[in-house]
Each structure stands twice: as C-alpha cells, then as structure tokens.
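What follows is calculated from the coordinates using simple rules that are stated; it is not laboratory data. Quick caveat: nothing in here was measured; it's all calculated off a predicted structure. Don't worry about glycine lacking a Cβ; one is built from the backbone with ideal geometry, like all the others, and counts go over all protein chains shown.
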Amino acid sequence: MTLAMSQIALRQLVAQHGQQHVYTFYEQLTPMQQQQLDGQVASVDWALVSSLVETVVKHPQTLALPRDVQPAPFFPHQPKASHDAQLYQQAKLRGEDLLIKGQVAAFVVAGGQGSRLGWDGPKGTFPATPIKQKPLFQCFAEYLLALQTKYGPAIPFYIMTSPANHKATTDFFAHHRNFGLKPDQLMFFSQDMLPAVGLDGKALLESSHSLALSPNGHGGSLLALKKSGALTDMARRGIEHISYFQVDNPIVRCVDPLFIGLHDLQGSQMSSKMLPKAFGKEKLGNFCIVNGKMTIIEYSDLPDQLAEERNRDGSLRFLAGSVALHAIRRDFIESLNAHGFALPYHRADKKVPCIDLATGQAIKPEKPNGVKMETFVFDALPLADKAIVYEADRMDEFAPIKQPDGIDSIVSSKVITTQRNTQWLEAAGIRVPQKPDGTPDCVIEIAPSFALNAQDVAAKRGKVPSIAPGASVYLE
Ligand code: UTP
C-alpha cells in the first residue's frame with residue numbers, strides 16, 4: 001500500500017474489511033489531521049487485520065499441548081567434562097575471531113511500548129545505572145565501545161524502533177553524539193504497527209484522526225530487518241551473525257564472544273541463552289523439544305505438573321527458562337524472508353485508551369476493552385534446522401527493568417548490578433563491605449571501559465580504591 005493512494009481508494013479498502021468506521025470524524029478534521037489518518041490507514045495491512053480478527057480475536061484457538069514435549073538439552077554454564085572445557089575455550093576463541101574479522105552485529109529490539117514502566121519516552125532512554133544514572137542506550141554503546149577497544153573493528157549496531165518512538169530514539173542518540181559510536185556503525189529502523197481492535201474486531205481509534213496503533217511484537221524484527229534493508233547492509237559489511245537482545249537490561253552482554261563462538265562452531269541457525277528457572281512456574285518461557293524441534297512454551301501454557309516435574313537429583317526437569325537473548329545467523333533470517341515465513345500471532349487483551357465513535361469522547365477503560373496482536377521472535381526457533389541453548393549466569397548478565405518496583409524493576413536491577421559488581425571485585429580478592437545480612441554495604445557501578453567481566457577486574461585490581469561502608473564507587 002502506498003501513501004499515494006487516493007482517499008476514495010482508502011475508503012474502499014477499509015470498507016472491504018469492514019473497518020469504514022475509522023473515517024467517522026474525517027469531515028471534521030483539518031487537512032493535516034486528514035493526512036495523518038490517511039497515512040496511517042495506508043500503512044496498515046488490512047487483509048492481515050481481517051484474518052487476525054477471525055483467527056485471533058473472534059475464534060481464538062486454545063493451544064493444545066503437543067503430545068511429545070521434552071526438555072531441551074543445553075550447554076551448561078560451567079563445563080562438566082574436560083572436552084566441554086576445551087569446546088568452550090575454542091568457542092571463546094572463535095567468537096573473538098569473529099569480532100576481529102568484523103562478522104558480528106549487535107541488534108537491540110527497542111520498538112516496545114514499555115507500558116509497565118510508565119516512562120515518558122523510549123525505554124532505551126530510561127536512566128538505569130545505580131550511580132551515574134546512565135540511560136540503557138548508553139550502557140549498550142559503552143559496552144560495544146569497550147569490545148571494539150579489545151577486538152578492533154567497529155561493531156555495527158542495529159536498533160529497531162517503532163514509528164511511535166523512532167524520532168525520539170534517533171534524536172536521543174544525536175543529542176548525546178551517539179555516546180561515542182560512529183554514525184556509520186549505527187542503523188535505526190522501524191518495525192510495523194497494527195491497529196488494536198475492540199473485542200468485536202473493529203479497529204479502535206485513539207483520537208478522531210489517529211488509529212490506536214501498536215507495534216507488531218518483537219517477532220516483527222525478522223521482517224523489519226529485511227524490509228528496512230538492514231540485512232542487505234549487514235551482507236555488505238560481511239556480517240554473519242546477529243547478537244539479539246532486549247532494550248531493558250543494563251548489564252546485558254551485547255555481544256558475548258563465547259556464546260557467539262559456540263553458536264558458530266555448532267552450526268546453529270538460531271541460538272539462545274537460558275537461565276535455570278528458580279522454581280517450576282517462574283514466569284519464563286520454557287525451552288522444549290516438540291516434534292524434534294526447539295520450541296519455547298510459555299510459562300502460562302506449560303501444565304503445572306510438567307513445570308514442577310523433577311529429575312532424580314531433585315532438579316527441575318524443565319529447567320531452561322528463556323531470557324530473550326539470541327545469536328541468529330544472518331542467512332537464516334534471509335532464508336525465512338525468501339520463503340515467506342509467518343510467525344503465529346499472539347493475542348493480548350489490554351486496556352486501550354480510545355474514543356467513543358458515537359460521541360467522540362475519550363474512553364479510559366478500567367478493564368481490557370481491546371486486543372493487541374503480536375508475534376514473538378522465539379517462534380522462529382522451530383523453523384531452524386539447528387538451534388542450541390547455552391546456560392547463562394543469572395547474576396552476571398540479567399537485571400531487567402520492566403516496572404517501577406518489585407520484581408524486574410529499576411529497584412531490583414540496581415541491586416543486582418551492585419551484587420554482580422561485588423562478585424567481580426571479590427573474585428579479584430578485593431574486599432567489599434557487607435551489611436549484617438551479607439548484602440553489599442555500598443553501591444558499585446563499573447563502566448564497561450573499566451571491565452566487561454570478572455577477569456578484566458582481576459587484571460585491574462590495583463586500580464580499585466578501598467571501599468568504605470556505605471560508599472558509592474564508580475569505576476571507569
Ligand atoms: P516487553 O515484552 O517487555 O514489552 O518487550 P514492552 O512493550 O517493552 O513493555 P510492556 O509490556 O508494554 O511493559 C521485550 C522487548 O521486546 C521489544 C521491547 O522494546 C523490549 O526490548 N519489543 C516488544 C519490540 O521491539 N517490539 C514490540 O512490538 C514489542
């Protein structure tokens with residue numbers, strides 16, 4: 001669909017799909033508002049909306065658990081045997097070599113709405129670190145700069161936004177001079193949006209001249225990488241592997257040489273990091289093998305009995321939980337797009353602010369009044385011929401910020417960051433003051449330029465000042 005479509009053609013198009021009400025207020029709009037609404041209407045794939053209204057909204061299928069569900073095998077964090085230790089050593093070298101040859105790109109999906117956090121702006125602009133309050137985007141930029149200092153070539157960094165936060169994101173980078181990254185190593189592109197629909201399948205209007213649009217889920221990244229030209233750009237640069245991560249984790253390893261190297265050595269098309277679940281029903285997707293294929297079954301879809309099942313040694317049988325960290329071969333995404341792949345759409349019932357079509361009055365719903373439809377990137381896993389899973393260390397690289405307080409909040413993220421830094425310092429033999437309950441009696445922030453891991457801290461132990469109880473220590 002093009003913006004050049006005439007008003008008549010647009011009206012016909014929405015009418016064909018039973019959505020003509022989106023033009024209810026058209027005659028009262030200013031020319032600019034009319035243009036905005038026409039632009040939005042033209043950008044939507046209405047045939048897709050119609051089919052989703054039938055399959056996801058009006059006649060949703062309840063997911064039957066496949067018969068053959070097995071726990072997925074994974075590479076343990078600590079090698080169990082000497083040949084594993086050798087493999088990991090080789091994997092790290094391979095990952096480092098890929099970085100030296102400039103064959104790895106970093107990719108952050110930052111198109112989400114971040115509604116739980118309630119931050120006014122793209123989530124990547126949220127101040128995340130415990131002392132310097134560095135925004136999430138700065139954490140990633142500094143991480144990549146530190147990797148570049150170690151391994152040489154600039155690491156191309158692809159940032160997926162949505163039309164709703166694209167400009168604010170690019171303006172933020174420009175305002176901060178890309179946090180030291182070179183403009184030609186950065187590429188911003190947007191994913192597609194879909195209108196939220198009411199429970200009757202009718203597209204909701206956010207205002208008289210705007211649809212209630214929302215991004216089509218992080219699975220949209222696999223299409224957006226192609227549509228935006230990012231894959232072509234990667235091919236031109238000689239990129240073989242994409243290190244995929246989410247925008248909400250300030251201590252994420254944006255590119256982890258060992259993980260990327262293992263993924264490459266194993267000939268995997270799409271690899272994932274996992275965390276051992278703390279308890280059976282922890283709210284993480286479960287890595288499973290279904291009909292021989294790597295598959296993530298959401299925590300809500302795995303029956304309690306399976307989620308709680310134990311091995312003989314007492315460990316959870318379905319142990320591996322997903323944290324949305326992937327290494328993906330560029331040519332895997334190319335081949336998905338070449339063959340017209342389709343990820344399943346998931347339904348999320350949400351409170352969607354909208355206007356009443358009869359009165360034009362704003363509605364602030366108190367219970368879910370609308371449906372958003374999203375695809376998830378992990379649904380591409382069963383499409384891979386080979387997909388491996390590697391166990392990460394929870395404390396070392398996982399401090400997500402989803403909400404203002406409680407679990408996975410800015411509060412817990414800052415605590416985890418100091419705890420991780422304490423571990424790194426203590427492993428290097430540096431004393432960190434403790435409270436009577438054993439938690440650190442200080443706040444510690446380590447810039448990526450100082451250390452990317454515990455080994456880097458050990459190499460710089462002479463540069464760490466002694467830490468007094470209650471101190472705030474920033475190492476750079
Ligand atoms: P979340 O599932 O945390 O969703 O996204 P969200 O939209 O950021 O936040 P809530 O649910 O509204 O509070 C996980 C990751 O996927 C990205 C997010 O930006 C985040 O990095 N994402 C999500 C997209 O890039 N596009 C989407 O359409 C959805």
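Would you please classify the overall shape of the range 297-402 from the alpha carbon gyration tensor, given that a ≥ b ≥ c denote the square roots of the eigenvalues, rounded means a/c under 1.5, and beyond that prolate means a/b larger than b/c while oblate covers the rest? Oblate, since a/c reaches 1.5 and b/c is not below a/b. The slack in the chain from Arg312 to Gln16, taken as 0.36 nm per residue of separation less the alpha-carbon distance, amounts to 100.6 nm. What separates the Cα centres of the range 207-222 and the range 42-93 is a distance of 23 Å. Each DSSP beta bridge with both residues in the chain is either parallel or antiparallel, and the antiparallel ones are about 60%.
When all alpha carbon pairs of the range 51-109 are counted in 5 Å bins from zero, the resulting P(r) reads 4, 12, 10, 9, 11, 12, 10, 9, 10, 9, 3, 0 %.
Normalising by residue count, the chain has a Cα convex hull of 173 Å³ per residue. Here the calculated FRET efficiency for Ser449 and Gln419, from their Cβ-Cβ distance with R0 = 30 Å, stands at 0.90, rounded to the nearest 0.05. Other residues whose C-beta falls under 15 angstrom from the C-beta of Thr149 contribute a net charge of -1, scoring Lys and Arg +1 and Asp and Glu -1. Computed from the C-beta positions of Ser82 and Lys386, the FRET efficiency with R₀ = 22 Å rounds to 0.35.
Entry note, the range 349-476: relative contact order of 15 percent, from Cα contacts under 8 Å with a spacing of 6+ residues. Its residues counted as N, the range 389-440 yields a C-alpha radius of gyration over 2.2 N^0.38 Å of 1.27. Remark: the Ala338-Gln133 segment gains 69.5 nm on full extension, using 0.36 nm per residue and subtracting the alpha carbon distance. The Lys283 and Asp405 beta-carbon pair, evaluated with R₀ = 22 Å, returns a calculated FRET efficiency of approximately 0.85. Each part gets one Cα centre, and for the range 224-278 versus the range 333-411 those centres are 19 Å apart.
With each label modelled as a point 7 angstrom along the Cα→C-beta vector, the Asn291-Arg116 pair spans 3.1 nm. From the alpha carbon centroid of the range 145-170 to that of the range 184-199 is 17 Å. Let me check I've understood the local charge: for Leu222, count other residues with C-beta under 11 angstrom from its C-beta, Lys and Arg +1, Asp and Glu -1. What total comes out? Value of the local net charge: 0. Overall, the ratio between the Cα radius of gyration of the range 131-258 and 2.2 N^0.38 Å, rounded to two decimals, is 1.22. How much length would be gained if the chain were fully extended between Asp304 and Asp200, taking 0.36 nm per residue of separation minus their Cα-Cα distance, in nm to one decimal? Computed gain between Asp304 and Asp200 is 34.2 nm.
With the simple spin-label model, which puts each label point 7 Å out from Cα in the Cβ direction, the Gln33 to Asp393 separation comes to 5.8 nm. In terms of overall dimensions, the C-alpha atoms belonging to the range 350-476 reach 70, 45, 28 Å along their principal axes, ordered largest to smallest. Here the ratio of the Cα radius of gyration of the range 1-146 to 2.2 N^0.38 Å is 1.72.
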